[in-house]
Amino acid sequence: MRLSEKDYLYFSKFFPKFQCIICAMKILIIEDEQDLRDAIEISLKREKYMVETAANFQTAYEKIAVYEYDCILLDIMLPDGSGMDLLKEIQKSDKVENVIIISAKDSLDDKLEGLELGADDYLTKPFHIAELNARIKAVLRRKKLDGKNTIEIANIVLDLGERQLFVDEELIPLNRKEFDILNYFLLNKNRLVTRTALAEHVWGDNIDQADNFDFIYYQIKNLRKKLQSAGAQMGLQAVYGVGYKMIEV
Amino acid sequence: MKLLNQSLVYLSICILIIVSIWSVVFYNNMLEEVYDSVDDGLDNYKYLIIKKSKTDSTVFEKSAFNESNYAIREISPQEASKVEDTYKDTLMYMQSEEDLEPVRELTTVFQNGSKYYELRVISSIVEEDDQIENMFWAILWLYFILIISIVIINNIVLQRLWKPFYKLLFQLKTFRIDKNSKMPDIKTSTKEFVELKNATNTLIKHTLEAYSNQKQFIENAAHELQTPLAIANNKLELLIEKNDLSQNNAEDIGEILQIVQRLTKLNKSLLLLSKIENKQFFDNIDLAINEVVQRCLEDLEEFAQFKAIEITVDEPDSIFVEIDPTLADILISNLLKNAVFHNKPEGKVTINISKNVLSICNTSPSDKLDEQKVFKRFYKNTGEQKHTGLGLAIVQAICNLYDFKLSYHFADQHCFEIQFAED
């Protein structure tokens, strides 16, 4: 029996220390670059996922055929084959699996082809770990929680559809950027989010970014104030002047 | 100076020399012939007179020319022995012309019985100065008629012959290496022009190859850097996340992380730039620029509020452009972000959308930027290290791709203007 994330959340409400082993999400990393594969693996293990890796097309092909995964991170350019072919294989099998393509090629054609073949997201290298986390969580949520588009952590409920924040069922007004930032932090709970990752997430990618860290700092200050005064059980902690972490308080 | 006119200068000089020499030679020959004929006439006349003198003694009474063409006087035998037949040019007063005119005179001696006589016979001859003048004008006319004919022939014939050359020249002038220009082509059977065409085509092919290799290199290099950058970035992020670092170490790593991230940003911008230049974006749709501006402004709203920047949009017209939506977003958001990020607190951004022209002005406190360099890669105004210096280069590349005219001018405010192509 496997538990869904929803059930896991339900259990953890009653048993805060409850560590779900059997219900952990299974993720397969298909990436030929060992260093990158290791880094992603370490990061995902911190998120309590069960992680398996494949360094080439053949291994990946076998693993996909035998096992079932909740999410597959797929590099398009593999030494012995194309990730696109793997994607076709995945779609042929009846398993419901989420695929996020990670590619060094920021090509619109590849992106479109990947998404058409059934990939759920497309992430261009290099990416921030926080961004990968957020994408994985978003993808998992989209498929597992049938239509329910909210993030619920502690006494916080973030409605992604209406873009509203509730603390203890009380509506806390946020501006657009504050909402994006909070959403990003909630997807990266207990993880470091660097200011650059945050700035990129908030402002998008294609910019010659003037240093808007001041602005980020200002938004975080406001967000903190709002969370504190609303009595939220989550707070933002500065990490060595590099970034922030959302933790329970 | 056109080749046509240059050859004309040489030709006219040469013709002038040839015609001058020819006219001198011709004149002398002609004169010689005239003298020869006159002298023969005089000689014949002399014999006739001498013959007549044998029968008619009245001949000896003609001591002056008067109405006839000869004069006779008696001379001593000593004198006669010194005289030989001589021809000479001399002048004589002509009643009809009331002037001295040149005449040819033959002086000879003959014997009649025991007496010696000197006989002078004259004949009127051409006036040399008149002749020269006439000749001069004739030559001058000939010369001018020759030159004019050459000019006309040159213009008609040579221009027709050179037509393929000018056609090729025009095509070369309009050839742009960064656009998909067609190879210059001319239809001609002239060997020189065919060779010229082949040579230019070979040159262009080599240049195009080098150009695309260079572009390819930049793109490949940027691509190859993506993975190592991803590794460095992610490893540092993981390292800093560990809780066993001292504050100092963590801060150092934080700084390195930021440098890696700046490198990443730079690499991404370069990649984007080379992708634009390689025309890898071409999903053009009809797009309302006004809407793109509104959307980008919404995105910047909070930041503008934070810096208390007042943004005014004046849009008397709508602009519709065939453009790739991703590129349109990058184009306009880069310009707007530029205007907002570089602005001073409580500054102003003025956006004007009029017919075919989008202008974005800001009150940044920096001095006038260098118009020549502002859109060049890695141009930085005031040593700002945090910028890649590629934002405006990207804007320029997009404008080049779509033939939009991008300009910068400064009058109290920094204004960037895009003139979209006419429909």
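The values are calculated or read from the model by the stated rules, or taken from the named source; none is laboratory data. Note that the coordinates shown come from a computational prediction; the quantities given were computed from them, not determined experimentally. Virtual Cβ from ideal backbone geometry, glycine too; neighbours counted across all protein chains shown.
Some observations on this one:
- Identity of the residue in the range B:238-255, more than 9 Å from every other protein chain (Cβ to nearest Cβ) and assigned to a loop (DSSP other than H, G, I, E, B), that ends up farthest from residue A:191 (Cα to Cα): B:246
- Candidates B:80, B:64, B:71, filtered to the one that is more than 30 Å from residue B:31 (Cα to Cα) and either of a type outside the set (S, T, N, Q) or touching a strand residue (DSSP E or B) at 6+ places or on another chain (Cβ under 9 Å) (or both): B:80
- For the residues B:231, B:186, the requirement of being within 14 Å of chain A (Cβ to nearest Cβ) and of a type in the set (Val, Ile, Thr) singles out B:231.
- Of all residues in the range B:241-259, none are buried (at least 17 other Cβ atoms within 10 Å of the Cβ), of a type in the set (Ser, Thr, Tyr) and free of Cβ contacts under 8 Å to residues at least 40 places away in the same chain.
- The residues of the range B:303-322 that are small (Gly, Ala, Ser) and loosely packed, with under 14 Cβ neighbours inside 10 Å, listed by number, are B:308, B:318.
- Considering residues of the range B:179-204 that are assigned to a helix (DSSP H, G or I) and free of Cβ contacts under 8 Å to residues at least 12 places away in the same chain only, the residue nearest to residue B:270 (Cα to Cα): B:203
- Annotation: residue B:52 fulfils all but one of (1) touching a residue at least 12 places away in the same chain (Cβ under 8 Å); (2) part of a helix (DSSP H, G or I); (3) basic (Lys, Arg); the unmet one is (1).
- Residues of the range A:56-109 satisfying the condition of being modelled with pLDDT of 85 or more, more than 14 Å from chain B (Cβ to nearest Cβ) and assigned to a loop (DSSP other than H, G, I, E, B): A:56, A:67, A:68, A:69, A:70, A:80
- The lone exception for residue A:119 - which of (1) crowded, with 21+ Cβ neighbours inside 10 Å; (2) within 30 Å of residue B:242 (Cβ to Cβ); (3) within 18 Å of the chain's Cα centre (by Cα) it fails: (2)
- Within the range B:355-371, the set of residues being among the aliphatic types (A, V, I, L, M) and either in contact with a Phe, Trp or Tyr (Cβ under 6 Å, 6 or more places away or on another chain) or not assigned by TED's automatic domain parsing to the domain that holds residue B:319 (or both) comprises just one member, B:360.
- Matching residues in the range A:169-187 - criterion: being within 11 Å of chain B (Cβ to nearest Cβ) and in contact with a Lys or Arg (Cβ under 8 Å, 6 or more places away or on another chain): A:174, A:176, A:178, A:179
- Residue that is surrounded by fewer than 14 Cβ atoms within 10 Å (Cβ to Cβ), modelled with pLDDT under 85, under 17 Å from residue B:121 (Cβ atoms) and of a type outside the set (Asp, Glu), where the choices are B:66, B:44: B:66
- Selected residue (only one of B:57, B:20 is among the hydroxyl-bearing types (Ser, Thr, Tyr) and within 30 Å of residue B:142 (Cα to Cα)): B:20
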